[in-house]
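Quick notes on the structure that follows.
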Amino acid sequence: GVEAHLQALLAEHVTTLGSGWRLVRREFPTPIGPVDLLCRDAEDVTVAVEVKRRGEIDGVEQLTRYLDFLNRDPSLRPVRGVFVAQEIKPQAKVLASDRDIDWVEVDYDELRGIESPDLRLF
């Protein structure tokens, strides 16, 4: 579906999330399930990225659990989190920010290389 395709597109274009970022692995395993993308940012800090089509509180909770497990691994920590979706509900933004998790809303069509008609000058 859209969520799986969005994850694949972000894996291909991980610098959409930050300049100098690189993908370590998609579907990085944890004892409670795989985190969608494990990356390293420009400062070589580990970043766990959870991708949803619609970002709601349950997605933030899921990423919080992954971060708890990932930060137990001395070879990865410190691990910070980024919650990514096409649209993120206001309550999810508040919860993410409260837990020091960054959030990013992405344009699915833009990632697919489709221009938005809203951006035309003429």
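The values are calculated or read from the model by the stated rules, or taken from the named source; none is laboratory data. Here the structure is a predicted model, which means the values were calculated and not measured. Every residue, glycine among them, receives a Cβ derived from its backbone with ideal geometry; neighbour counts consider all protein chains shown. Surface accessibility is based on the protein's heavy atoms, side chains included, excluding ligands, DNA and RNA. Shrake-Rupley method; radii C 1.70, N 1.55, O 1.52, S 1.80 Å.
Of all residues in segment 101-122, those satisfying the criterion of being modelled with pLDDT of 80 or more and either among the acidic types (Asp, Glu) or surrounded by 12 or more Cβ atoms within 10 Å (Cβ to Cβ) (or both) are Ile101, Asp102, Trp103, Val104, Glu105, Val106, Asp107, Tyr108, Asp109, Glu110, Leu111. Pairs meeting the criteria (first residue in segment 22-47 and over 19 Å from Asp68 (Cβ atoms) and in contact (Cβ under 8 Å) with a residue 12 or more places away in the chain, second residue in a loop (DSSP other than H, G, I, E, B) and open to solvent by 70 Å² or more (accessible area, probe 1.4 Å), beta carbons under 8 Å, at least 6 apart or on different chains) are Ala42/Ser19.
Restricting segment 48-84 to residues that are in contact (Cβ under 8 Å) with a residue 40 or more places away in the chain and under 17 Å from Val106 (Cα atoms), which is surrounded by the fewest Cβ atoms within 10 Å (Cβ to Cβ)? Taking the candidates together, the pick is Arg53.
Can you pull out the helices (runs of 4 or more DSSP H) entirely within segment 29-122 that have at least 1 residues that are of a type in the set (D, E, K, R) and farther than 19 Å from Ala8 by Cα? Ranges flagged: 57-70, 90-98.
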